[in-house]
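Rule-based calculations on the coordinates, nothing more; no lab input. In this text the structure is predicted, and so the values were computed from the model without any measurement. Neighbour counts are summed over all protein chains in view; Cβ atoms, including those assigned to glycine, are modelled from backbone coordinates with ideal geometry.
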Amino acid sequence: MIKQADLPDIIPVFPLPGALLLPRARLPLHIFEPRYLQMLEDVLKTPQRLIGMVQPREVPGGGEKRLHAIGCAGRLTGFSETEDGRYMVTLSGISRFRVVSEVQGFSPYRRCTVDWAPFARDLGPVETDGGFRREAFLDLLGRYFAAMELSTDWGSLREAEEELLINSLSMLCPFDPEDKQALLEAPSLETRRETLVTLIEFALRGGNGDEVMQ
């Protein structure tokens, strides 16, 4: 298990809108841009093999997007190359971090100095949610999936541990990037589940708090 003392002060970051990574969850990525191919090559040379996933923020005037203050780092645990030189990789979530500053230099990809201390809990054991009511939650989720015309393996959802279920749905549901950021920044599994339920209920009401989608 990685300890906080082993985490580097500077990590490469991948600002990808809508791509959410959470501790102990897995995120598949398709890498093909030259700068991120270079990032992969460099990351594979490091002992921790960490990449930070951060949501970019829209700023007036365009130009290079700023980054949200909070991201999550994943360890590169899956790696395969396609015949045309692209890569399919898997990141396994390790810990969230706070961006301290961007590192200026000649790297083609962005790098940041980060602070891991506020999220020491991420390196601990699996979280539980004392207020979780699986049947009520799955009933709500079923209505949401039907409204959004999504499909899933309901047997697996019924058997999944609370953390895996809540975090996987937070990552996979088609929410806006700002909503994904709110799920990332939730201080506990319980507050993440409450945020997830709020977002689902909002979507079922058509986003206006009024008419429920059928």
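Applying both filters, DSSP loop and at most 15 other Cβ atoms within 10 Å, to the GluC sites (Glu not before Pro) of the range 112-214 gives Glu149, Glu161, Glu211.
Expressed per residue, the C-alpha convex hull volume of the range 4-123 stands at 110 Å³.
Separation of the range 71-91 from the range 113-129 is 23 Å, based on Cα centroids. Arranged from fewest to most other beta-carbon atoms within 10 Å of their beta carbon, Leu29, Leu172, Leu123 become Leu172, Leu123, Leu29. Listed by chain and number, the lysines whose C-alpha is less than 30 Å from the C-alpha of Lys3, apart from same-chain residues fewer than 8 away, are Lys45, Lys180. For the range 81-151, the set of chymotrypsin sites (Phe, Trp or Tyr not before Pro) satisfying both a DSSP loop assignment and a count of at most 11 other C-beta atoms within 10 Å is given as Phe106.
Summing charges over neighbours of Ile11, with a neighbour being any other residue whose Cβ is under 14 Å away from its Cβ, gives +2 when K and R count +1 and D and E count -1. For the range 1-112, averaging the sequence separation of C-alpha pairs within contact (under 8 Å, six or more residues apart) and dividing by the residue count gives a relative contact order of 34 percent.
From the Cα gyration tensor of the range 134-204, with a ≥ b ≥ c the square roots of its eigenvalues, which class applies: rounded if a/c is under 1.5, or else prolate if a/b is larger than b/c, or else oblate?
In terms of gyration-tensor shape, oblate.
Share of pairwise Cα-Cα distances greater than 26 Å in the chain is 39 percent (whole percent).
Arranged from fewest to most other beta-carbon atoms within 10 Å of their beta carbon, Ser95, Ser156 become Ser156, Ser95. Residue order for His30, His68, fewest other beta carbons within 10 angstrom first, comes to His30, His68.
The HN-Hα couplings worked out from phi for the range 131-142 by the Karplus form 6.51 cos²θ - 1.76 cosθ + 1.60 (θ = phi - 60°) are x, 6, 10, 4, 5, 5, 5, 5, 5, 4, 5, x Hz, whole numbers, x standing for Gly and Pro.
Decide, for the range 1-54, between rounded, prolate and oblate: order the square roots of the alpha carbon gyration tensor eigenvalues as a ≥ b ≥ c, take rounded if a/c falls under 1.5, and otherwise choose prolate if a/b is larger than b/c, else oblate. Don't skip to the answer; put the middle values down first.
Details: a/c = 1.96, a/b = 1.22, b/c = 1.60.
The shape class here is oblate.
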